[in-house]
Every structure is written in structure tokens, then in C-alpha cells.
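Read-outs throughout are calculated quantities, based only on the coordinates presented, and are distinct from any laboratory measurement. This is a predicted model, so every value here is computed, not measured. Note: ideal-geometry Cβ built from the backbone for every residue, glycine included; neighbour counts use all protein chains shown.
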């Protein structure tokens, strides 16, 4: 005889399940997914074939024609940091938002409480000492290269983030020493700078993020430099903060 | 003047940066100040657009197609204003909801996480309403989704985590589908600017590329708008969040992707808007209205009920599609503006009423421990203001005069009958009846003369915020003319066959 409490519990569980979880016919579901994916692939292939037939064009011509005004020699960098700089600015915002979400999940505002990882073996420790300085050097090179060839802040920042991950794995993460204010500042720095630079131009009677003529390259390099630091810091923070155990709930007092 | 569009994005964004970076103990005060600034600025922009017409700002000084344009017409202004009005009130509610307890403890983490995320979300919403670039809009949609997911988990509850994870996966799938569609549009038109695309599509022949991209974009954004049958993620996600977060997710976030669909459908894909297309969406909308309402009636928890009610009311929004697209019987080929404005007006009235309802549910949980319907006995006696707010919001959702919901339904039913599609009028009326059923279910328990065993008084000011939202959803019915005038400022229909034309 089920009691009222049992029934309430069963009702709650039924609420929590999704159509997928209740579907007993896992095989039918897989068949459905497979056939659906197959049909989608065929349709996409047809679209691709049709698009190949079109005359080539797009904005390539326009992007190359305006390259002289853009202040950089590489068309990709020109698109990312001049023609469509707002997109890049907002992509930096996505990283900031990801770090905000990580902090929300861990219910904390800094990383000083993260438990340390055990020290790695001899090979890992030695490799890290060799690789991390090289990676920092490589990041600088990629950043400089971005002005005239593929490369730039995102690649350089990724390299810095990877160096941070390596340091973390060998328990030499300097990040735990940073207090919350400094860490969050580093993560948000490039996003804020980008906005303030754009705003400055706007207050000087130009459009938002419209570089003063002839100065585009200096501003772009400044933004890329700061962006590299912030991207590296954000990736590093996400790697450290995404620690699977619930470290914050026990270490962090639930008061102000 | 056009810089105001940039400011509408920058003000909340600066607020997000400041509250995230400095994050002091009194972060809520800074957050509230930025919310007030953002909201009142958005209302002012809407007023300015209603007076002077559309605004255009070429970011970076390049101009489309090479650069990105911000562009706002009457529809954008209406959405900005909706966000501004509802956003200010939800911010006030969040300020009170996440207040420390009497002994100065509690809600500290929620407060610190909420304000940066909410201001960031607000900025992304405003961006979605003023950007005119398909890829830039993709970033806006990504930011909205990510911020929404993070806001759900700030309470740290397990069920919220599960619901948020599902929301994240679904949202990613939706935005990837949208992105694939946008890539095809770029292949077809060689531009990402919505206005240029709309001009080009008027001359372009219908092609497979266009149809596939229409399908991908529609499905991707429908998933994020939670149109039946792609709504399954919404009720757990919206009901497990903290009350102010539930309110802003249901009132504002799902509307952003709906707005994008309207922009793309009536702008870029205007040639594909056939009668069949409209009728198919009418059927989906009907399923949403009936299915969502029946599910709401079956719920035993207040917040789940309110969340399913959102599923139903998203159906009303999509009903504007068959009502706007000229039907066979009608003698004119122009878009039906009555149906369109009715649907958009429903968006505003639902935003106000639904946030009032979610806040009322939050107050109930605060003071009575949980939101089981059986537990609501004695609510009318103990929480008269909250019960009143819930009832008024219910009146607007049902569409009784003189509420905003009534005006919206009036216009939609008019459009349905004028164009000879009486069946959509029946759907609208039945939907109103079903809404009445679940609202009265709650009120029936609320008015039982029982003294609730564990009662804790909620902040009185929070009750007043919920009541203000509910009252607004009622009284906007009196000011509908201004709203409709605003919608007509700068027509949303760039390629309307036989209608007024774009710039």
C-alpha cells in the first residue's frame, strides 16, 4: 500500500525526468538520431554543392581594399580588430562571463581556497621548468606575428593559459597567491580596456571603436597585448577553478 | 544621437564589470544603481525613437557590409522599453530578495554572483535588440544563454544544477544550429547585415540554400524560445532558479530569441513566409497553448505551474505568425499589422504579469516554506498583497478587460476574424479559459480559511514590487495606443508586399 508520502515522492521523480530518460526504447531513439543525422548530412551536402557553384566573392575584396586604412598588414587581424572589432570585444566578454559562471558555480569570488594538487613526478617537474618559459616566449612571438600574419591575442593567450595549466599540474600555481580582486581584475582587464578605448573614441566625436586615422596599429597592438594577458588569465582561472571536488562549500564560510 | 544605442549596451556592461571586479559587501547597491540607469536610459531611447524615428550607428566607422551596424526601429525600441521597465522592477525585487537575514548572514554568495551576471545579461539582451548583424547577434545569443545558465545555479541547489546543465546543452545546440544557418545566408548574400540581406532577398530567387538556412535558424531559435514541442527544458530550468531569476528568464530572456525570429522571418525570409508556413506555426502555437495550459493545471507546485504557463504563453506569441501573414481569403497582400502588434503587445503584458507571478511564488516560498499548492491554504489571509498581485497578474494572463492581455487578445482575435481565420480566435479564447482554470486553482487554496503552520513575514517592500508589476500589466491596457504608435515608428517589415517600405 503506497502511502501519500511515497506517491508525492514518485510524482516528484516523474517531474524530474525528461522525455529522454523515460523513453524505454533506447534503440528507437538511437535509430531516430542516426537517421536524422544522416538526412541532415545529405541536405547540408546539397547546400554545399549549390554554394560552390556561386561566383566567388563575399567581402574578401572589400576587406583587402580597406587594408591600408586598417593599420595592420594581415587581413584576418584587420577583420578581427578593426572591421568587426566589436565581435572580438564581445568574445572577450564571453570569457569573462565564463569566469563569472565558474565563480557562481563554486559559490566564491577568488581562488585562494583551491586545494593544491600533489606534486608531479621528476619528469613532469623538469619538463615544466623548461616548457613554461618557452611558452611565455612563444606567446610573445605569436602576439607580434599577429600584426602581419596569422596569430594574435587569442592564440598567444591560449598558450599562456596552457602554461598556467602546466604550472597548476606541478602544484606551482601562483594563482592561489592572487587575491580575488587582482584575479578578477586581470580577467576583466582587456574587456574593460577595449570598452573604454572605444568609448574614448566615441567621446571624441567618432564612432564607437573607430580608431583615429593613422593610429589604428598602435591601438590594435595595445588591445592585443592586454587581451593576451586576460585570455591567459581567464583560461588559467577556468582550469584551476573547475576543480571537480566541492572545495568552496567547506572552506568558504557562508557569511559575509 | 545614434551613440545612445552604444550607451544602452555599455551602461549595463560597465555595471557588470564594476560589480564583478570590486564586488564589495554592498555590491547590491551598485548593481541596483546601474539597473536604474540602464532601465531609465532604455525607456528614454524608446521615447526618442518614437519621436524622431530610427537610429543607426556604424561601429568602428566602417558601415555594413564590412563593419557592423547598430540599428533600432520601433520594434527594437519597444523591446528595449519592455526590458527597461520590467528590468528595473525585477532588479528592485532581487535587491530585496537577496537581502541579508536579520542577523546579517545569508544570501551573500547569491548577491555577489547575481548582480554581475544580471547586468551582463541585460547588456546582451539590449545588444540583441539593437544589433543588425547576424553574426554579432549570434554572440549576443551566446552571451544571453551563458548568463542565463549561470544565473540559474547561483542558489547552489542540486535540482537547479541539473536543470541548468540541460538548459546549457539545449541552448548550445540551438545557437549552433542558428550559426550554421547564418553561414549559409552569408554564402547566399555575401553579407551579414540583416538590412542588406533583406534588400537582397527581395530580388533573390527562392533557393535550397535559403530554405535550409530558414529551417536551421528557425529550429535553433525555436529551441531557445521553448516553442512546443521543444519546450521540455524550460519548466525545470525556470522553476528551480531563485524567484527574481525565474522572473527575468520567463519575462525577458525567452523573448529575445523570439524577437530575432521575427527580424529574420519578416526581414530576410519574407519571400518564404507563405500561408502554409504561417499555418504550421499556428498549429505549433495551438499545441503550446493547450499542452502548456493542461500541464500547468496538472502541476502540484506553484513555480512549476507558472513555468508551464510560460510555455503556453509563448504559444500566443507565435500565433502572430499566421495572423500577420496575409491569408488566402483576405483581399490585400499586405502584412496584417493588427495581428503583429497584438502579438508584440502580448509580449509586454506577459513579461509584466509573469514576473509578478514568479515574484509572488518566491514570496510564498519565503514565508510558507515551500510552494506546494496544498500549502497555500490561508495565503490570502496572511499575504493579502501577494495574493492580490497573483490574482491581478492572472487577470492579465487570462485576457480579461481592461488588462494589457485583453488588448493584445482583442487585436489578435480581430485580425483572425478579419482575415477569415476564425479557428485561431477559438484557440485564443480556449487558451484564456484554461489560464483561468489554473489561476483559480491557486486562488481556491489561497482563500481557504486555514492558519498556515509555519509562517514568516516576507519583506513588505518585496510584496509591493510584485504588486506594482501586476498593476502595470493591468493598466498598460489603457495606454496601448502609444505602444502601437511606437511599433510603427520605422516599420519592422522591410519587404512588406504592398505594405510600407524600409529606409
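Things to note:
- Mean per-residue shielding of peptide A:180-191 is 3, counting Cβ atoms of other chains within 10 Å of each Cβ.
- Chain B: relative contact order in percent, alpha carbon pairs under 8 Å with at least 6 residues between: 16
- Interatomic Cα distance distribution for the protein assembly as shown, bins of 10 angstrom, percent: 3, 14, 24, 26, 20, 10, 3, 0, 0
- Scaled radius of gyration (Cα, divided by 2.2 N^0.38 Å) that segment B:288-503 gives: 1.12
- Centre-to-centre separation between the Cα atoms of segment B:225-256 and those of segment B:58-93: 22 Å.
- Mean per-residue shielding of peptide B:119-125 is 2, counting Cβ atoms of other chains within 10 Å of each Cβ.
- Overall, the anisotropy analysis places segment B:390-481 in the oblate class: the square-rooted eigenvalues a ≥ b ≥ c of its C-alpha gyration tensor yield a/c not less than 1.5, with a/b not exceeding b/c.
- Axis of helix B:208-225 versus longest Cα principal axis of chain B: the two differ by about 10°, to the nearest ten degrees.
- Protection proxy ranking, peptides B:370-380, B:261-271, average beta carbon neighbours within 10 Å, highest first: B:261-271, B:370-380
- Directionally averaged projected area (convex hull, Cα atoms, segment B:181-333), nm²: 9.9
- Cα-projected label distance for residue A:44 with residue A:215, points at 7 Å along beta-carbon direction, nm: 4.5
- Rounded to 10°, Cα long-axis angle of helix B:254-263 versus longest principal axis of chain B: 10
- Using alpha-carbon coordinates, inclination of helix B:384-398 to the longest axis of chain B, degrees: 30
- Shape category assigned to segment B:93-168 from the gyration tensor of Cα positions, a/c cut at 1.5: oblate
- Here the alpha carbons of chain B define both size measures, Rg and Dmax, at 21.6, 69 Å.
- Only helices enter this figure: runs of n ≥ 4 DSSP H residues, each worth -39500 (n - 2.57), summed and divided by the residues of the protein assembly as shown, yield -23500 deg cm²/dmol at 222 nm to the nearest 500.
- Net length gained if the chain between residue B:44 and residue B:456 were fully extended (0.36 nm per residue, minus Cα distance): 144.4 nm
- With both labels modelled 7 Å from their Cα along Cα-to-Cβ, the residue B:444 to residue A:62 distance reads 6.1 nm.
- Residue ranges B:454-460, A:69-75, B:283-289 sort as B:283-289, A:69-75, B:454-460 when ordered by packing (mean number of other C-beta atoms within 10 Å per residue, highest first).
- Convex hull (Cα only) mean projected area of segment A:74-242, reported in nm² to one decimal: 10.2
- Inter-chain neighbour count for B:230-236: the average number of beta-carbon atoms from partner chains within 10 Å of each residue's beta-carbon is 1.
- By other beta-carbon atoms within 10 Å, ranking B:95, B:129, B:345 with the fewest at the front produces B:95, B:345, B:129.
- Where a label projected 7 Å from the Cα of residue B:422 along Cα→Cβ would reach, residues of segment B:276-308 with amide N under 11 Å: none
- Gyration tensor verdict on segment B:1-77 (Cα atoms; rounded if a/c is under 1.5, prolate if a/b is larger than b/c, oblate otherwise): oblate
- Ordering of B:1-10, A:232-241 by packing is A:232-241, B:1-10, highest average first (other Cβ atoms within 10 Å, averaged per residue).
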